[in-house]
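Q: Please see the structure below; I have some questions.
The values are calculated or read from the model by the stated rules, or taken from the named source; none is laboratory data. Worth saying up front: this structure is predicted, and the values here are computed from it rather than measured. Neighbour counts run over all protein chains shown; Cβ positions are idealised from the backbone, glycine included.
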Amino acid sequence: MKSIETKSMVLLHHHLKALRLPTIGAECEKVASQAATDNVDHLSYLLQLTELELLERERKAADRRLKAARFPTMKTLENFDFTARPSVNKMLVAELARCEFIDKRENVLLVGNPGTGKSHLATALAAAACAKGYKVRFFRATELVTTLIEARDERSFLRLKTQLSKLDLLVLDELGYVPASKVGAELLFDVISTAYERTSLIVTTNLPFESWTEVLGSERLTGATLDRLTHRCRIIETKGESYRLTDAKARTRRTKLTPAIDEAQAAR
């Protein structure tokens, strides 16, 4: 009887591997043992196994989407300090994290000084979209412009545009830190124009809208770009001092205080 059971188990694992059901193969014996202990019927046993397989597939798919998004660092909303940024509408951010704006083909603009949490929020919202099944890609604006120019020179621009058009959400980080060339600005506009009402964009920038000509050059191109970005758009301002600057000041204060504390302790 034991040999028959062993043969059946070998065949079962073979079939599950052929059917590409690895989680069921890994868990079936353990779940079967627990089901026998709990006196669970066959359908309930099968339901438990298929749920485990489905959960594992969803986890792996989410991991693949996160990897494909190419975030430079992982950020979450749980780690964002809203108390240090009272200008940021926490309720609006929570609403955006539900990702309904993607279904509506809306955009999100994060505007504020360097170091005020724009990239953190953009990454966290995009990661939330990955978890909900959306296809996401993260670019620093200068990186995307460089990639577009290289693709044009190598005659692979249309292929790159096709890849970008298949996204649900495109993140353009740090738009405005480096002025784009005339060709780069035109190619960037082409991507934004193609995405209009098809693919949602999250854009972070340190520039007020009236200064965007410093990046895009032409007032005509700037006007057309802003027209597409700001139509059906949510705008979040991150006012305040840079986190990095605040941290540097705190470290400096601690460095200055340490000798004084040591002297005071030595004098006791």
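Q: Looking at (1) crowded, with 16+ Cβ neighbours inside 10 Å; (2) in the same structural domain as Leu216 (by TED's automatic domain parsing), which one does Glu95 not meet, given that it meets all the others?
A: (1)
Q: Only one of (1) modelled with pLDDT under 90; (2) within 27 Å of Arg198 (Cα to Cα) is not met by Arg57, so which one is it?
A: Answer for Arg57: the failing condition is (2).
Q: Also: Conditions: (1) on the phi > 0 side of the Ramachandran plot; (2) free of Cβ contacts under 8 Å to residues at least 24 places away in the same chain. Arg70 meets all but one. Number of the miss?
A: (2)
Q: Here's a follow-up. Looking at segment 226-261, which of the residues that are in a helix (DSSP H, G or I) and at pLDDT 60 or above is surrounded by the most Cβ atoms within 10 Å (Cβ to Cβ)?
A: Among residues in segment 226-261 that are in a helix (DSSP H, G or I) and at pLDDT 60 or above, the one surrounded by the most Cβ atoms within 10 Å (Cβ to Cβ) is Leu229.
Q: Here's a follow-up. Quick check: is even one residue across segment 232-246 of a type in the set (Gly, Ala, Ser), in contact (Cβ under 8 Å) with a residue 60 or more places away in the chain and within 30 Å of Ala94 (Cβ to Cβ)?
A: yes
Q: All but one of (1) at positive phi; (2) touching a residue at least 60 places away in the same chain (Cβ under 8 Å) hold for Gly176; which doesn't?
A: For Gly176, the exception is condition (2).
Q: Select from segment 73-131 the residues that are more than 16 Å from Arg234 (Cα to Cα) and more than 17 Å from the chain's Cα centre (by Cα) and list them in ascending order.
A: Those that are more than 16 Å from Arg234 (Cα to Cα) and more than 17 Å from the chain's Cα centre (by Cα): Asp81, Phe82, Thr83, Ala84, Arg85, Pro86, Asn113, Pro114, Gly115, Thr116.
Q: Condition first: touching a residue at least 24 places away in the same chain (Cβ under 8 Å) and either loosely packed, with under 12 Cβ neighbours inside 10 Å or closer than 24 Å to Ala26 by Cα (or both). Now tell me which residues in segment 56-67 satisfy that.
A: Answer for segment 56-67, where residues must be touching a residue at least 24 places away in the same chain (Cβ under 8 Å) and either loosely packed, with under 12 Cβ neighbours inside 10 Å or closer than 24 Å to Ala26 by Cα (or both): Glu56, Arg57, Ala61, Ala62.
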